[in-house]
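Participant: Starting off with a structure, shown below.
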Amino acid sequence: MDLHDPKEADHVSDSRDMTRELQETVRMAYERRTPLSIRSGNSKRFFGRPARGEPLSLSAHRGIVNYEPAELVVTARCGTPLRDVEALLREHGQMLAFEPPHYGPGASLGGTVACGISGPRRPYAGAVRDHLLGVRCLSGEGRLLRFGGEVVKNVAGFDAFRLMAGALGTLGVLLETSLKVLPLPEHTLTLAFECRVREALTRLGDWYRSPLPLSAAAADDTRLYLRLEGGADGVRAAREKLGGEILPEGTIFWEDLREHRHPFFADNEPLWRLSLPPATPPLSIVGRWLIDWGGAQRWLKTALPPKLIRETAARHGGHAQLFRGGEREGAVFHPLSAPLLELHKNLKQAFDPRGILNPQRMYREF
């Protein structure tokens with residue numbers, strides 16, 4: 001970025017003005033104890049409990065702050081559309097490796113980090129927080145905070161910035177984020193296998209012990225889908241070892257799965273997201289299932305009571321979240337144990353003493 005360029009200088013000046021304006025708004029809300037509902041593109045408005053408070057929009061706080069392809073790091077303001085960030089990275093043969101869902105054209109970078117949702121590549125490349133290097137944010141008092149940095153060597157020690165990933169804006173108003181990026185894969189191939197879910201999970205368990213270039217694995221009632229990515233020789237060798245049918249529309253399949261355009265997600269029945277150990281056999285919950293993340297993420301469509309779903313997930317070492325639809329005034333995320341709930345309350349108190357930032361968006365206790 002060249003600050004001697006008048007256009008760049010104006011852009012930086014506008015950003016500073018916007019930061020000061022946001023800072024003043026949060027300070028006034030703190031003094032008046034006014035709850036704030038943080039938003040940008042609103043593509044993930046459905047996520048979590050209902051938003052409460054006066055709207056605080058970050059949609060105008062956008063733009064790439066710094067991007068050096070050779071350093072594999074991009075820093076951008078949090079109102080920046082996610083599609084703009086991804087388009088810039090593609091121009092340089094790079095990507096956000098955690099494959100974030102958009103869930104609509106308005107998806108922003110800040111919303112992506114705040115929700116902490118990753119796509120099909122997550123078990124193989126890491127989650128949002130694994131690629132987060134640093135943030136600038138406003139505390140609930142309107143203080144400007146910076147955590148982490150723009151290079152990997154700056155992230156040692158207590159990584160407070162990682163707390164922002166998945167916090168739904170309850171700990172701070174995200175202004176800028178720095179993310180590690182990775183090169184696009186040289187070759188991609190999707191394979192399909194005719195089999196039921198139980199057999200699919202067994203096969204995946206066997207294949208995990210082999211050095212295969214897996215980057216996604218999903219299964220429905222009748223088929224198992226694998227995505228292979230990497231060098232041409234490695235992908236070709238894996239395909240010869242595994243067999244299966246090449247899926248010509250593989251890219252579309254994974255995009256539809258990531259964005260919930262797959263037919264499984266089409267109706268309005270409550271949608272549950274269960275996180276489980278990958279090798280867990282199919283659960284005895286009546287409903288429609290779709291397996292992702294090689295078995296670690298399981299989507300469930302059912303009208304059964306939430307208590308039954310959560311207790312079943314917990315017995316198998318996992319947890320359950322009411323991802324979309326259903327009654328959202330109660331517990332949407334899996335209830336926390338008493339020690340974890342106290343830890344969350346203490347973090348909230350430290351970052352947002354008067355509880356004005358997205359109150360009760362995650363848990364009704366705070």
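Each value in this text was obtained by applying a stated rule to the coordinates, not by laboratory testing. Model, not experiment: these values are computed from the prediction. Cβ: placed from backbone, ideal geometry, glycine included. Neighbour counts: every protein chain shown.
Participant: Among PHE323, PHE98, what is the fewest-to-most ranking by other Cβ atoms within 10 Å? Intermediate values should be presented prior to the final figure.
Facilitator: On the way: PHE323 21, PHE98 26.
Going from least to most buried by this count: PHE323, PHE98.
Participant: List every residue whose amide H lies under 5 Å from the amide H of PHE323, counting only residues 5 or more places away in sequence or on a different chain, with H placed 1.01 Å from N in the peptide plane.
Facilitator: LEU271, TRP272, ARG273
Participant: For GLY134, what residues show an amide H to amide H distance below 5 Å, using hydrogens built from the backbone and excluding near sequence neighbours?
Facilitator: Excluding prolines and chain starts, which carry no amide H, the hits are GLY149, SER178.
Participant: Let me ask something additional. Per-residue ellipticity at 222 nm for the chain, helices alone: DSSP H runs ≥ 4 residues times -39500 (n - 2.57), over residue total, nearest 500 deg cm²/dmol?
Facilitator: Values: 10 runs with 107 residues, N = 366.
Rounded to the nearest 500, the figure is -9000 deg cm²/dmol.
Participant: In addition: Under a GNM of the chain (C-alpha, springs under 10 Å), which listed residue has the highest mean-square fluctuation: ALA279, ALA114, ALA237?
Facilitator: ALA237
Participant: Could I ask something else about it? Enumerate the amide H contacts of LEU182 below 5 Å, restricted to partners 5 or more residues apart or on another chain; note that Pro and chain-start residues carry no placed amide H.
Facilitator: Amide H to amide H, under 5 Å and 5 or more residues apart or across chains, LEU182 pairs with MET95, ALA97.
Participant: Just to be sure I understand: with springs between alpha-carbon atoms less than 10 Å apart, which residue in PRO248, PRO185, PRO120 has the highest mean-square fluctuation in the Gaussian network model of the chain?
Facilitator: Looking only at PRO248, PRO185, PRO120, the biggest GNM fluctuation is shown by PRO248.
Participant: Give me THR280, THR177, THR170 ranked fewest to most by other Cβ atoms within 10 Å of their Cβ, as a rough exposure proxy.
Facilitator: On the way: THR280 16, THR177 30, THR170 26.
Final ranking by Cβ density, sparse to dense: THR280, THR170, THR177.
Participant: Same structure again: Hey, how many Å between the Cα centroid of the range 65-103 and the Cα centroid of the range 338-352?
Facilitator: Between the Cα centres of the range 65-103 and the range 338-352 lies a distance of 32 Å.
Participant: Among GLU91, GLU21, GLU99, what is the fewest-to-most ranking by other Cβ atoms within 10 Å? Write down the numbers at each step before the final one.
Facilitator: Working: GLU91 9, GLU21 12, GLU99 20.
Lowest to highest Cβ neighbour count: GLU91, GLU21, GLU99.
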